[in-house]
1. Of all residues in region 270-287, which are closer than 14 Å to Ala316 by Cα, under 28 Å from the mean Cα position of the chain (by Cα) and open to solvent by 60 Å² or more (accessible area, probe 1.4 Å)?
2. Filter region 18-76 down to residues that are open to solvent by 40 Å² or more (accessible area, probe 1.4 Å) and either of a type in the set (A, V, I, L, M, F, W, C) or more than 21 Å from Glu340 (Cα to Cα) (or both), then give me how many there are.
3. Looking at region 235-255, is at least one residue open to solvent by 20 Å² or more (accessible area, probe 1.4 Å), of a type outside the set (Asp, Glu) and without any contact (Cβ under 8 Å) to a residue 24 or more places away in the chain?
4. Just checking, which of Leu21, Leu35, Leu50 is hydrophobic (A, V, I, L, M, F, W, C), closer than 25 Å to Gly110 by Cβ and either at pLDDT 95 or above or touching a Gly at 6+ places or on another chain (Cβ under 7 Å) (or both)?
5. List the pairs whose first member sits in region 101-127 and is among the acidic types (Asp, Glu), whose second member is assigned to a helix (DSSP H, G or I), and whose Cβ atoms are under 8 Å apart, counting only residues at least 6 apart or on separate chains?
6. I'm trying to understand the selection: among the residues of region 246-262, which are within 16 Å of Ala282 (Cβ to Cβ), over 28 Å from the mean Cα position of the chain (by Cα) and among the hydrophobic types (A, V, I, L, M, F, W, C)?
7. Considering Lys202, Lys214, which residue is closer than 30 Å to Asn104 by Cα, over 27 Å from the mean Cα position of the chain (by Cα) and open to solvent by 50 Å² or more (accessible area, probe 1.4 Å)?
Amino acid sequence: MKETNGQHIISLFEQWAPKSLAVEGDPVGLQIGTLNKTITKVLVTLDVNLKTVEEAIVNGCELIIAHHPPIFRGLKNMRTDLPQGMLIEKLIKHDIAVYAAHTNLDIAAGGVNDLLATALQLENINILEQTSSEQLMKLAVFTPKQSTELVRTALAIAGAGQIGDYMDCSFTSEGEGRFKPSGLATPFIGQANELAVVEEDKIEVVFPISMKSKVLKALLTSHPYEEPAYDLILLNEKGLGRIGTLMQSQTLADYAELVKKQLNVPFVRVVGNLTKEVKKVAVLGGDGNKYIQTAKRAGADVFVTGDLYFHVAQDAEAIGLAVIDPGHHVEQIMKIGVAEYMTKVCMQHKLAVEFIPSNISTEPFQLI
């Protein structure tokens, strides 16, 4: 295992949940400190408060990955006699960096909403609300090593590899290619009717589906092979929330009990007839008030989301949509999900870093 720094760790994280997925205006990314330092331990938490910062200090963590950004709006001051200033001061004094992954982690495949959908026993899962403006494709092409840069440059000029504010993004891996040209072929490498073994690179880039013709033309023009081998993969659409079906329908009351159990909450608020049979379920972590009509249009029998407003609950009742509100804090499911995912990725890269899911509950409400 080898030492690593925060920049490497976050680059691996952003391959899973890139900042470009976040909704406009969402303050994701590095918020406090620096990533340009050795990282051995990372605390994964839903929220950053004085208790979770103390937990990071006790565990010797140099980095916190949080779902909720501790700095959500621009700061007007940095008074250390006020709660937010005290928090930032403590983080800086102990040299702990804070990275926030909010709606990009909600949207990412395997992120918060997928974790919730799995916990709620949904099948046939799809996106509830699409956020990407256009569906993407991924091109994977195999080239002889001496032509890799030529092909990669041609693809970039054609517009492939733009991710958010970053241009010319690609990934290259090494391997061996094998092929036997027929007597009718005119091979760039190798002889007719003889098996050729060639050191090749695999180049992978993404691009909007509308650019398919332009990207393929650039590939075929720049590639030296008479018949280049390539794959085109239609990528999944990106979006907030998930919708799926239960294996068997059940009453709203029974499903509300299942939600309580699976999400480990003491109570839920329910809108709708408790004897109603539900089978199609929409779920959106956090505040889902804006998505009541979306869930209804998608055909959901019940919508599981948090922070339900009184009048929105009345609106849901009026349109015949049942709602189960387990609270905002159920997004804590990301703590174990992120820690397990990043542990696996860093082990694959032989990086000596430990990911610790926070044991601190940041739920502000108590039942009396």
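The values are calculated or read from the model by the stated rules, or taken from the named source; none is laboratory data. None of the values given here were measured: they were computed from a predicted structure. Here Cβ is always computed from backbone atoms with ideal geometry, including for glycine, and neighbour counts include all displayed protein chains. Just so you know, the surface numbers come from the protein's heavy atoms only, side chains and all, with ligands and any DNA or RNA stripped out. Shrake-Rupley method; radii C 1.70, N 1.55, O 1.52, S 1.80 Å.
1. none
2. Number satisfying all stated conditions: 20.
3. yes
4. So the residue among Leu21, Leu35, Leu50 that is hydrophobic (A, V, I, L, M, F, W, C), closer than 25 Å to Gly110 by Cβ and either at pLDDT 95 or above or touching a Gly at 6+ places or on another chain (Cβ under 7 Å) (or both) is Leu35.
5. Short answer, once both residue conditions are applied: Asp106/Val112; Asp106/Asn113.
6. Leu252
7. Lys214
Let's see how each residue does on (1) over 30 Å from Gly241 (Cβ atoms); (2) part of a loop (DSSP other than H, G, I, E, B):
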position	(1), (2)
Ser11	no, no
Gln15	no, no
Val42	no, no
Ala56	yes, no
Ile71	no, yes
Lys76	yes, yes
